[in-house]
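Notes follow the structure.
Bear in mind that the values in this text are calculations on the coordinates, not laboratory data. Values in this document were obtained by computation on a predicted structure and should not be read as measured data. Methodologically, a virtual Cβ is constructed for each residue, glycine included, from the backbone with ideal geometry; neighbour enumeration extends over all protein chains shown.
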Amino acid sequence: MDAFVASRLPAATTSSTPQHAATAATHLRQSPLRQGGTASLTAGVLLALCSARGAGRPNHPRAARRRAEKVVRHMCHRNCHGGEHLSPERKRELEAICEKIATPGKGITATDEGPGTIGDRFEKVGVENTEEHRRIYRQMLYETPGINNYLSAAILDPETMYQKDDEGVPFPEALEKRGIIPGVKPHLKVYELPGTKDTVMQGLDSLAVRCREYKAAGAKFAKWRSPLQISRFGPTKMAIEANMNDLARYALICQDEGLVPIVEPDIVMKGDHDLETAVAVNVEVQATLYKAMLDHGVYMEGTILKTNLVNPGLSCDHDYSVEEIAVANMMVLRRVMPTAIRGVNFLSGGQSLEGAAARLNALNKVKKRLGRMPWTHGWGRTDRSPWDWKVLRSYTWDPVLFIIPGECVCNIWKYCIHLGVFGQVFI
Ligand code: 13P
């Protein structure tokens, strides 16, 4: 820190002793201006900087003041700088990607289940979990006829980023050709903090390097999920802050590497909490997230929010109407969400396809004053809910057929269209 200050002091000042610079730094640290972010000076800071210039040198007070102000401005701008380190081209690039992801009438498909998670699902339908089967499965999804009418973007697992379709075209490129923006899940696994029930998502170390590699492989955005759970004791303040700071740091790194960060705070549906508690916790979590993003200097206009729908816990003993849930969601977003963020894509959190679509539909109906901001889907499990095959089985062929490219998923989407899901979701 002291070295940071010293390196930014004007040339004459840096020629003074390190102790002088250290004194100036101490004053800067202690100054309330560091918190307040204003560029005016207290006498203490000025004095420190003037004296740091070196004893015995002529020092015009006005020049010293200007130099000191410059230093303080620099220090203050370290917080909430809104991506001032990014070039105008980079900002435009990020904004253009956000704009496309937030295309009205379209949503994101989350096809980023890792090899482990997808294995559980394959097992249910008796399909061996091999890399080739995973490749065929992804290809089947991406080649669904008409899919680009509903999807603006797809989130890929890192493995899929480097796989190719039958024609030898890498999936990111194949998606782009269909007008679907490819992105990647760069985080690793959830980790339980020892001695607590709190979790954090791993993967910040070496994130910049991985982002660079994914960008070179065709990714345009990234997604980072930070799960939290409502319980009698949680989520704790510490868990919220740790997770939201991680999301902010991830976003900062992504933008620096040219990827749009999709920030995903996910308050999971497990629990018996009511809707009112869900509203309070969501407000706290999202408010902490935006504060952390602003503090970190994230360029808010170059980000997308992907969050849980505000819902009562799965074991809540009270039934809420879709309208009540929609109002609760709108309340949370209106209270805390910066309108600089271009779009919201709600994750499904494992809700049924019909339930999630009905809630999203109601939410779109009650939103009035947030202008053209699209609130749409960013589903993984839900748009492939026939994974549990309960409904689809009566609807289409034998579930094992899903491994035949273009067949079963085509039916899944047909099923969605038949249900009128897309008509409901996009208003
Ligand atoms: P869902 O399966 O909950 O929709 O998840 C989407 C997602 O991207 C989770 O990170």
TODO: Using a 10 Å cut-off on Cβ atoms, rank the peptides 161-167, 267-273, 192-198 from the highest mean neighbour count down.
DONE: 267-273, 161-167, 192-198
Open item on the list: Using a 10 Å cut-off around each Cβ, can you sort VAL310, VAL169, VAL322 from fewest to most neighbouring Cβ atoms?
Closed with: VAL169, VAL322, VAL310
- [ ] Please give the FRET efficiency for GLU99 paired with SER206, using the beta carbon to beta carbon distance and R0 = 30 Å, rounded to the nearest 0.05.
- [x] 0.50
- [ ] Grab the other residues whose beta carbon is less than 11 angstrom from that of GLY179, score K and R as +1, D and E as -1, and report the net.
- [x] +3
Task: For the range 151-202: span of alpha carbons on each principal axis (Å, largest first) - done: 50, 21, 11
Open item on the list: As I understand it, the dipole of the range 90-138 uses +1 on the Cβ of Lys and Arg and -1 on the Cβ of Asp and Glu, about the Cα centre. Which of GLY107, PHE122, LEU94 lies farthest toward its positive end?
Closed with: LEU94
Task: Normalised alpha carbon radius of gyration of the range 66-190 [divisor 2.2 N^0.38 Å] - done: 1.47
Task: Charge sum, other residues only, whose C-beta stays under 13 Å from ILE240's C-beta, Lys/Arg counted +1 and Asp/Glu -1 - done: -3
TODO: State the extension gain, in nm to one decimal, for the chain segment bounded by VAL283 and LYS270, taking 0.36 nm per residue of separation less the distance between their alpha-carbons.
DONE: 2.9 nm
Task: FRET E, pair LEU314, ARG65, Förster distance 60 Å, beta-carbon r, rounded to 0.05 - done: 0.45
TODO: Could you list the square roots of 5 times each eigenvalue of the Cα gyration tensor of the range 198-280, that is, the equivalent ellipsoid semi-axes, sorted largest first and rounded to whole Å?
DONE: 30, 12, 9
Task: For the range 207-336, the Rg and Dmax computed from alpha carbons only, in angstrom - done: 15.8, 49
